[in-house]
Structures are given as structure tokens and as C-alpha cells.
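First up is the structure itself, then whatever we jot down about it.
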Amino acid sequence: MGDRARRDPELDVWRERIAEELRAHMARRRLTGADGARALGMDQATFSRKMLGKVSFSAEEILKLSNWMNRHVDEVLAAAYNGPTNPCLSHSDDPSAQSRVTDWAKRGYELARRLYGDRVDVRASAA
């Protein structure tokens, strides 16, 4: 019997919440799993496992799927947020927590910039 990596229950909750939010938004927009799988360039079985929360979406997949659904990735993640466990959404006065949030934000913005370029967000500039 091989040693399997132990799953982190907190990450399991996040994976399920994100998948639930993506499913709900796709249902509201009447988007199908076949459409979503095609948008991400993966087979329907893999997409289905991810949409059921059995397998995690990668950060790139969440970004691509959010863009395809005309949603900001922060809207998807904020909608999945239901507790104080997400460091990116907490406003902690702890300096070490702030630096972690800043580091993760920088990484997220850099990834988005690499994926989408310096495209201007018309929804943000209209506000």
C-alpha cells in the first residue's frame, strides 16, 4: 500500500465552494458543461469532476473560466467565500498576514497580466 498525500480539509471546502459558485453561475447563464470544457480545452469528464469539486481547478483555469463567463475572478472567489479562512479577503492588522496577502495579490495580478495582457477592464474604468 503506497503512501498517499493527506488531503487538507480546508482546501477541500474551498474547492467545493468554488465549484459550487461556478456551477451556480453557469446555471444562471444557461451555460453547459460541454461549453465550459470546450472553453478550457479539456474533455467533459475532467471538467465534470472539477465542477463537482472532486478535483481542483488550477488558477489559470479559474481565470480562463471566469473570463469566459464574463466575470472577474475576484467575484467568483468572493462569492465562494463563507468564512474567515481566506487570507486574501480578510483585513488583518497582523503585518505578516498583510505581507502574505500582498505577495499572493502580486502573484495573481502577474498571472492575469501574463494570461490576458494589459487589457483595460471597461467595467472597472466606468466606475
| task | Scan segment 61-88 residue by residue and report those that are surrounded by fewer than 16 Cβ atoms within 10 Å (Cβ to Cβ) and at pLDDT 90 or above. | result | Trp68
| message | Could you go through segment 19-41 and let me know if any residue there is loosely packed, with under 14 Cβ neighbours inside 10 Å and within 25 Å of Arg114 (Cα to Cα). | response | yes
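Does any residue of segment 89-105 turn out to be modelled with pLDDT of 80 or more and either crowded, with 17+ Cβ neighbours inside 10 Å or not in a helix (DSSP H, G or I) (or both)? Please lay out each step first, then the result.
Within segment 89-105, the first condition is being modelled with pLDDT of 80 or more, and the residues that meet it are none.
No, segment 89-105 has no match at all.
Take Phe47 and decide whether it is modelled with pLDDT of 95 or more and not acidic (Asp, Glu). Working first, answer last.
Numbers: modelled with pLDDT of 95 or more: yes; not acidic (Asp, Glu): yes.
When the stated conditions are applied, Phe47 passes them.
Taking the conditions exactly as written (surrounded by 16 or more Cβ atoms within 10 Å (Cβ to Cβ) and either under 24 Å from Pro9 (Cβ atoms) or within 16 Å of the chain's Cα centre (by Cα) (or both)), does Leu52 satisfy them or not? Talk me through it step by step, then tell me what you get.
On the way: surrounded by 16 or more Cβ atoms within 10 Å (Cβ to Cβ): no; either under 24 Å from Pro9 (Cβ atoms) or within 16 Å of the chain's Cα centre (by Cα) (or both): yes.
So Leu52 fails the test.
The values are calculated or read from the model by the stated rules, or taken from the named source; none is laboratory data. Since the structure is predicted, the reported quantities are computational estimates derived from the model, not experimental observations. We place every Cβ from the backbone using ideal geometry, glycine too, and count neighbours over all the protein chains shown.
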